Amino acid sequence: MSKIWSFIIIVGIIVACFMGNVETVIDSVMNGSKSSIENVINLTGMMCFWSGMFKILSETKILKIFAKKFSKILYLLFDRKKLSEEAVEYMSLNITSNMIGVGNAATINGIKSIKELQKINDKKDTPNNNMTTFIVLNAASLQIIPTNMIAMRALYNSVNPTAIVIPIWIVTITSLIVGLIAIKILNKKVM
């Protein structure tokens with residue numbers, strides 16, 4: 001993919017030189033670099049805020065209580081015999097983090113849950129059903145509050161930054177259902 005993008009950029013610069021638009025290319029590069037740095041700074045502030053809120057919630061045990069309640073739903077999707085209490089807690093925290101749109105906090109718990117699931121895995125070189133199901137849940141990333149998208153839309157002066165919420169619900173719920181159905185079918189065929 002990097003070769004394709006490199007080719008497109010080089011061709012664009014060559015065409016701009018022949019057409020006499022070198023100044024436009026230079027201005028675009030400079031403005032694009034400036035706006036990307038501004039975006040990173042603005043989103044970092046938002047990520048720090050939500051990560052801090054997540055840390056406060058985890059210190060007050062609210063997230064653990066929610067994760068405990070949420071674990072009952074997880075037991076419906078996973079093979080209980082091949083789940084440890086630690087794995088369920090980390091999976092619940094990962095999914096909860098994704099639901100409130102704090103993907104950077106979800107990553108840590110996702111890695112810890114996969115490590116816990118690997119400890120129980122019979123075949124060390126092949127993921128088991130629980131691992132593949134968790135990966136699908138994590139990748140679908142069901143979001144109730146898509147904080148990153150709302151922040152990006154607000155950053156670019158959207159009239160209604162939260163208008164994206166319902167479409168994101170539809171897309172993430174649909175992808176989650178399709179992913180779970182597909183992984184259950186594939187796990188039966190492969191395992």
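For this structure, a couple of remarks:
- Meets criteria (farther than 30 Å from K112 by Cα, of a type in the set (F, W, Y) and out of contact with any His (no Cβ under 6 Å at 6 or more places or on another chain)) for F18: yes
- Subset of the range 81-120 (residues that are in a loop (DSSP other than H, G, I, E, B) and either on the phi < 0 side of the Ramachandran plot or modelled with pLDDT of 80 or more (or both)): L83, S84, I100, V102
- The range 19-34, residues that are touching a helix residue (DSSP H, G or I) at 6+ places or on another chain (Cβ under 8 Å) and of a type in the set (A, V, I, L, M, F, W, C): V22, V25
- Given (1) modelled with pLDDT under 85; (2) open to solvent by 40 Å² or more (accessible area, probe 1.4 Å); (3) on the phi > 0 side of the Ramachandran plot, index of the condition N157 fails: (1)
- For the range 139-146, the condition of being of a type outside the set (A, V, I, L, M), open to solvent by 50 Å² or more (accessible area, probe 1.4 Å) and either under 23 Å from S71 (Cβ atoms) or part of a helix (DSSP H, G or I) (or both) holds for none of the residues.
- D125 passes every criterion in (1) open to solvent by 70 Å² or more (accessible area, probe 1.4 Å); (2) in a loop (DSSP other than H, G, I, E, B); (3) within 20 Å of I62 (Cα to Cα) apart from (3).
The values are calculated or read from the model by the stated rules, or taken from the named source; none is laboratory data. Small disclaimer: the values here were computed from a predicted structure and weren't measured. All Cβ positions, even for glycine, are placed from backbone atoms using ideal geometry, and neighbour counts span all protein chains on display. Side chains are part of the model used for accessible areas, which takes the heavy atoms of the whole protein and leaves out ligands, DNA and RNA. Shrake-Rupley method; radii C 1.70, N 1.55, O 1.52, S 1.80 Å.
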